[in-house]
Amino acid sequence: MHQLQIPPSPGDQFFYVGGEAEFENMLNYKRHGSHPVILGDILPKPSTCVSDPAKKPRYRIIMKLGFGAFCTGWLARDLVENRYVAVKVCLGSDTAHENGETEILSQLHETGRGKHGYERVIQLFDAFIIEGPNGFHECLVTEVVAPLSDYDVQRWCSSETIRQIIEGFAFLHEQGIAHGDPHNGNFGIAVPELEQFDEEAIAEYVGGPDTIPVVPIDPSLALHSLPPYLVERLSIVGFLQEQKSFPTGSEMSVRIMDFGRSYRTSEKVPSLPGAAPYEIRPPEVAMHDLSKGKVGSIWSEAADIWAVGCTLYHIRRGGELISTGGSANDRLFHAVDFGGPPPQDWPELWNDGRKTLRPFNRVKAWEETEANCSDEKRKFLDLIKKMIVTKPDERSPMAELLTHPFVQRRSSNGC
């Protein structure tokens, strides 16, 4: 009998480890993994920029904003333009090449400027490729945003926030771009208010971030791929709120970000990295996964619509619309219960031995959700219902949703 292989944990190889929410996994610092960055670094370091060998050090790292499966994110000071920026340092590769995210953001900023909804896409200021101990890493320099996954941001959302997100996706789809991963962590609020404050003010607020020294248990482990320490991620939201400078309500300006799974719908769908979270995954994508590609479909513009509907519900109501508990079949059943009957070419949605299941009942599922709702909330749920439809071609296009009564209302009251 084969024994289950348990992946190694940082505690197996390092003396000190931090909490998973505040510190990235030390084991990610390896070939094709994360690039070691420390506070005070000025990127690109001399002689490391392979995309532009003459490029001089420009972006001074101030604090870590976050990390994910494919990158680390940093607050930095642009020493040329004298402004704050966010620097996204992507995972390493064997070749120096521009990734799809950079290509799409560059295209949108070239062809979309001046069009309705263009301002909802995060601003890309610069992009360059550096060589480090773990390979070649693309660095994207953007405006600084506060992610909607931060509760202190989300609680200030309004109907205007909902409208702006739909407006942004109407623009993307008009430009022939499917986003591929529209969960709340990939929406943000622009914070130009940060420019009022100097680096000393931010440093005083941070007060010296927590750090974890990187000390391998095995003294023979090579250290060249690792930073000397990890630094906790910090939110700029708390600083701006303390200064009473964080935008709220109608002052909030949405940005759509993280285009790592995006692609042009006019081209063959590429192999998309990673996977969208269960809570936003459309049923046709889930069925495609369950059937190993026999039925359903891969991510599409219509998949964006379903996923945005789930995310808008989470932003406004503070929880999941569709339960993600149980097995993959359970999740698919819950989704179809809200979305309506599946296409006829789909096989039975369960094969795990259950004998009886109640039939799909979209009307009842929504009635239970709408129970005791105000008129405004019913209008909001009617908007979401037009997006949460099992059959992809029956979902309302984003441009059409801009005319929905809830969106037209443009309320600036809190969610």
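The values are calculated or read from the model by the stated rules, or taken from the named source; none is laboratory data. A quick note: this is a predicted structure, and the numbers were derived from the prediction, not measured. Neighbour counts run over all protein chains shown; Cβ positions are idealised from the backbone, glycine included.
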| task | Go over the candidates PRO57, PRO53, PRO44 one by one and state the one that is touching a Lys or Arg at 6+ places or on another chain (Cβ under 9 Å) and either without any contact (Cβ under 8 Å) to a residue 24 or more places away in the chain or not assigned by TED's automatic domain parsing to the domain that holds LEU221 (or both). | result | PRO57
| remark: When PHE171 is run through (1) surrounded by fewer than 24 Cβ atoms within 10 Å (Cβ to Cβ); (2) at pLDDT 95 or above; (3) outside any helix (DSSP H, G or I); (4) not assigned by TED's automatic domain parsing to the domain that holds TYR84, the failure sits at (3)
| task | Go through (1) within 22 Å of ILE298 (Cβ to Cβ); (2) assigned to a loop (DSSP other than H, G, I, E, B); (3) modelled with pLDDT of 85 or more; (4) aliphatic (A, V, I, L, M) and name the single condition LEU349 misses. | result | (3)
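Given VAL37, VAL85, which one is touching a Ser or Thr at 6+ places or on another chain (Cβ under 8 Å), without any contact (Cβ under 8 Å) to a residue 60 or more places away in the chain and among the hydrophobic types (A, V, I, L, M, F, W, C)? Please lay out each step first, then the result.
Numbers: VAL37 fails: without any contact (Cβ under 8 Å) to a residue 60 or more places away in the chain.
None of the others qualify; the one that does is VAL85.
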| query | Listed residues SER271, SER297; which is under 24 Å from GLY176 (Cβ atoms), free of Cβ contacts under 8 Å to residues at least 40 places away in the same chain and surrounded by fewer than 23 Cβ atoms within 10 Å (Cβ to Cβ)? | reply | SER271
| task | Just one of (1) within 19 Å of ASN134 (Cα to Cα); (2) outside any loop (DSSP other than H, G, I, E, B); (3) at pLDDT below 95 trips up ALA69, so point out which. | result | (2)
| query | Restricting attention to the range 108-132, which residues are within 21 Å of the chain's Cα centre (by Cα), surrounded by fewer than 20 Cβ atoms within 10 Å (Cβ to Cβ), more than 20 Å from LEU75 (Cβ to Cβ) and modelled with pLDDT of 95 or more? | reply | TYR118, GLU119
| query | Taking the range 174-195 as the region of interest, how many residues are assigned to a loop (DSSP other than H, G, I, E, B), charged (D, E, K, R) and more than 18 Å from the chain's Cα centre (by Cα)? | reply | 0
| Going by the structure shown, is ILE189 at pLDDT below 95 and out of contact with any Cys (no Cβ under 6 Å at 6 or more places or on another chain)? | no
